[in-house]
Amino acid sequence: MCGIVGVVGNKNATSIIIDGLKKLEYRGYDSAGIAVVENGKFVTVKEEGKITNLEKALSQQKISSSIGIGHTRWATHGKPSKENAHPHASSNVCVVHNGIIENHQELKNKLQKSGAKFLSETDTEVVPHLIEFHFEKTGNIKESLLATAKEIKGTFALAVMFKGHENVIAVAKRGSPLVLGLGENENYIASDYYALSENTHKIIALEDEEFAIITPDKIEFFNEQGAEIKKSVKVMEPEKARISKDGFDHFMLKEIYEQPRVLEETIQAYVDLSSSSIHLPNFAFDLKSINKITIIACGTSYYSGMCAKYLIEEIAGVEVEVDIASEFRYRSHPFREDNLMIFVSQSGETADTLAALKFAKQNNQKILSIVNAPHSTMAQLSDVVVRTVAGPEIGVASTKAYTAQVTILGLLAIHFACVKGRISPEKKAKLLQELAESGSKMTHLFDEKQLTNIKKISKSLTRAKNLLYIGRGISQITAFEAALKFRELSYINAQGIAAGELKHGTIALIDNKMPVIVIAPHNANNDLFEKTASNAQEVNARGGKIIFVSDKKGIKQFGKMANKKIEIPEMSGIIQEAILPVISTQLLAYYVALYKGNDVDQPRNLAKSVTVE
Ligand code: F6R
């Protein structure tokens, strides 16, 4: 989602900002802008669309300045346009902003009365005018920021420049991430450390209701009362995986292919297979006392939570409830002492999940988070953090982070079962083996023959207007996740339905134009195969075009009714069933998008980290 980069120092600000914004590009945005101070004036350049458009516009001007702020915007208030792109300025104050100003209309009315002129439809534009209003009264940067923050309702990460103060950037934070980077006679700001990783590894993360005034050789921090505060510097590990497509056409494809390695590395990080032992971080509470688990997440991470319900209830016998984060805070909860709340998030910054986590914390709940970004806000606020070791995920549509989440949740299920004394050592060893073997089984999904088949099917699906995924048991969750991925990438309406639910309404949609992708692994322990196959027959009888995703046995038994087949490896249990079939569906979504000419890594309207509610 929106990104902020700023610098005050001794080098060319424009190129540092553009390089930083490019690092945040993967988060999704629809316009970009930059402002510097040159000869006592703000010079602002903004463009709709990609950063390359901004670069082109910048190349037509000669700008030389060592102070500047830049922004990538994902539209909330007002359409994507040059006018609505950040930075926004009043006469003497220039601002970039992430977050939402909820009371912007009320503030705008007030500021208009005192003469402010507005040029955009954004909520942000009230901020420079409000800061200027307070700056005129106090003549003091710090006081003007404090007074502005007091009046604003909503969330913000703000970076502010003042005319007449050509070596100062002031920042403020509430609810949206903001970090400061320390350099040699140069200091930086960004909404994510990643944007600064080429310039510095020395980072200070701002907390909510903290402010800073940054010059090239000094940073002063203060709290909402205006009192000076001390902050500690964190030295970040240089990113192991640099952002690179490693020869793949898209990040998404690279990330799909990375999954066998991610699975292996996750297991190496947490499991000793020789002794069948699991080594998770220390829990700050007695896991034995937990009798209920609530999993809270959004989107794809929510579906990994739904997989966990099947895994934990089956393996550990502990009751699991799964909640959509955007709904969780808005209903009553009989909070219990023996309830563990698990928050699942790739980014660790998703606004709804974060707000739900804070709500649970206020209600004294025990909090475990499963995040891929180790320094994220969710990680910082949790009692225990179990990291997914997927590495940076750049494609907006989540792939490897999902399978990594399901892997960790599978491990947690086994671990809970041990703590609760509900699993024999033999069963534990068998399940860990099943998990470990998923990696090598996965590699077969990338065989040349498989890919040729998937590409052929994808080509035929580019013409579809609607599409259904169906499955039962944990394969039902694969159907949900597969349909979400298909919608995101292809812009075709795809729905995931529990196969048994189909006849309760959705079957009305079936005709000879409707492709129905049936996820039906034939598993010796899974009596659901026959039932799913019967539901597929019902589709077949009504002319629906079946794409049957199953193993050799399944295809032999029921493949005849299918128009097309995708063969997946034979699963040895529920954990593999959660992890393996989804990969073929990721490839389908990828190739359909590719053949339709869609932007695979940054699908329209989407953002990687959704930092607004
Ligand atoms: C879908 C996708 C999104 C995210 C969701 C939550 O491909 O990526 O649905 O899963 O926005 O994001 P995180 O996991 O960062 O909390």
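The values are calculated or read from the model by the stated rules, or taken from the named source; none is laboratory data. Fair warning: this is a prediction, and the values are worked out from it, not measured in the lab. Cβ: placed from backbone, ideal geometry, glycine included. Neighbour counts: every protein chain shown. Quick note on the areas: whole protein, heavy atoms, side chains included, nothing else; ligands and nucleic acids left out. Shrake-Rupley method; radii C 1.70, N 1.55, O 1.52, S 1.80 Å.
Values computed for the structure shown
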{"quantity": "Answer residue from the range 358-374, given it is over 30 Å from H250 (Cβ atoms) and open to solvent by 10 Å² or more (accessible area, probe 1.4 Å) and is farthest from the ligand (Cβ to nearest atom) among those", "calculated": "N364"}
{"quantity": "Any pair with Cβ under 8 angstrom, 6 or more apart, that starts in the range 467-487 at a residue that is of a type in the set (S, T, N, Q) and ends at one that is within 15 Å of the ligand (Cβ to nearest atom)", "calculated": "Q476/G496; T478/Y469; T478/V582; T478/T585"}
{"quantity": "Residues (closer than 25 Å to E434 by Cα and either within 16 Å of the ligand (Cβ to nearest atom) or free of Cβ contacts under 8 Å to residues at least 12 places away in the same chain (or both)) located in the range 315-342", "calculated": "V322, I342"}
{"quantity": "Selected residue (only one of T266, T215 is closer than 30 Å to S440 by Cα and either at pLDDT 95 or above or out of contact with any strand residue (DSSP E or B) (no Cβ under 8 Å at 6 or more places or on another chain) (or both))", "calculated": "T266"}
{"quantity": "Of all residues making up the range 543-563, the number that are closer than 24 Å to R463 by Cβ and in a helix (DSSP H, G or I)", "calculated": "2"}
{"quantity": "Within the range 180-193, tally of residues that are open to solvent by 20 Å² or more (accessible area, probe 1.4 Å) and out of contact with any Lys or Arg (no Cβ under 7 Å at 6 or more places or on another chain)", "calculated": "4"}
{"quantity": "Residue match in the range 98-117 (condition: at positive phi and either of a type in the set (S, T, Y) or surrounded by fewer than 20 Cβ atoms within 10 Å (Cβ to Cβ) (or both))", "calculated": "yes"}
{"quantity": "Hits in the range 314-326 - residues which are farther than 16 Å from Q476 by Cα and either touching a Phe, Trp or Tyr at 6+ places or on another chain (Cβ under 8 Å) or not aliphatic (A, V, I, L, M) (or both)", "calculated": "I315, A316, G317, V318, E319, E321, D323, I324, A325, S326"}
{"quantity": "Test set (1) within 13 Å of the ligand (Cβ to nearest atom); (2) open to solvent by 30 Å² or more (accessible area, probe 1.4 Å); (3) under 17 Å from V406 (Cβ atoms) - G305 fails condition number", "calculated": "(2)"}
{"quantity": "Which listed residue, of L196, L130, L158, is surrounded by 17 or more Cβ atoms within 10 Å (Cβ to Cβ) and over 27 Å from the mean Cα position of the chain (by Cα)", "calculated": "L130"}
{"quantity": "Residue selected from the range 418-443 under the condition over 17 Å from Q576 (Cβ atoms) and among the hydrophobic types (A, V, I, L, M, F, W, C), by the criterion farthest from the ligand (Cβ to nearest atom)", "calculated": "I423"}
{"quantity": "Within the range 65-90, considering residues that are under 26 Å from the mean Cα position of the chain (by Cα) and in a strand (DSSP E or B), the one surrounded by the fewest Cβ atoms within 10 Å (Cβ to Cβ)", "calculated": "R73"}
{"quantity": "Out of Q602, Q576, Q586, sole residue that is in a loop (DSSP other than H, G, I, E, B) and either crowded, with 17+ Cβ neighbours inside 10 Å or touching a residue at least 40 places away in the same chain (Cβ under 8 Å) (or both)", "calculated": "Q602"}
{"quantity": "Test result for S176, in contact (Cβ under 8 Å) with a residue 60 or more places away in the chain and open to solvent by less than 40 Å² (accessible area, probe 1.4 Å)", "calculated": "yes"}
{"quantity": "Check on H165, touching a Pro at 6+ places or on another chain (Cβ under 7 Å) and open to solvent by 50 Å² or more (accessible area, probe 1.4 Å)", "calculated": "no"}
{"quantity": "Condition met for K153 (in contact with a strand residue (DSSP E or B) (Cβ under 9 Å, 6 or more places away or on another chain) and surrounded by fewer than 20 Cβ atoms within 10 Å (Cβ to Cβ))", "calculated": "yes"}
{"quantity": "Residue under evaluation I342, criteria (1) within 30 Å of L178 (Cα to Cα); (2) part of a helix (DSSP H, G or I); (3) open to solvent by less than 10 Å² (accessible area, probe 1.4 Å), criterion not met", "calculated": "(2)"}
{"quantity": "Unmet criterion (only one of (1) buried (at least 24 other Cβ atoms within 10 Å of the Cβ); (2) within 10 Å of the ligand (Cβ to nearest atom); (3) within 20 Å of T611 (Cβ to Cβ)) for D352", "calculated": "(1)"}
{"quantity": "Options A269, A212: the member that is in a helix (DSSP H, G or I) and either among the aliphatic types (A, V, I, L, M) or open to solvent by 80 Å² or more (accessible area, probe 1.4 Å) (or both)", "calculated": "A269"}
{"quantity": "Filter result for K288 (open to solvent by 30 Å² or more (accessible area, probe 1.4 Å), closer than 30 Å to Y595 by Cβ and away from the ligand (no atom under 16 Å from the Cβ))", "calculated": "no"}
{"quantity": "Residues located in the range 1-38, provided they are in a strand (DSSP E or B) and either farther than 15 Å from T52 by Cα or not hydrophobic (A, V, I, L, M, F, W, C) (or both)", "calculated": "G3, I4, V5, G6, V7, V8, S31, G33, A35, V36, V37, E38"}
{"quantity": "Every pair of residues 6+ apart whose Cβ atoms lie under 7 Å, when the first sits in the range 282-310 and is within 14 Å of Q365 (Cβ to Cβ) while the second is within 16 Å of the ligand (Cβ to nearest atom) and in a helix (DSSP H, G or I)", "calculated": "I295/G305; I295/A308; I296/A325; I296/F328; I296/T353; I296/A356"}
{"quantity": "Out of E143, E132, sole residue that is of a type in the set (D, E, K, R) and in contact (Cβ under 8 Å) with a residue 60 or more places away in the chain", "calculated": "E143"}
{"quantity": "Number of the condition not met by E321 [criteria: (1) open to solvent by less than 70 Å² (accessible area, probe 1.4 Å); (2) touching a His at 6+ places or on another chain (Cβ under 6 Å)]", "calculated": "(2)"}
{"quantity": "Tally of residues being of a type in the set (D, E), open to solvent by 10 Å² or more (accessible area, probe 1.4 Å) and outside any helix (DSSP H, G or I) across the range 375-426", "calculated": "1"}
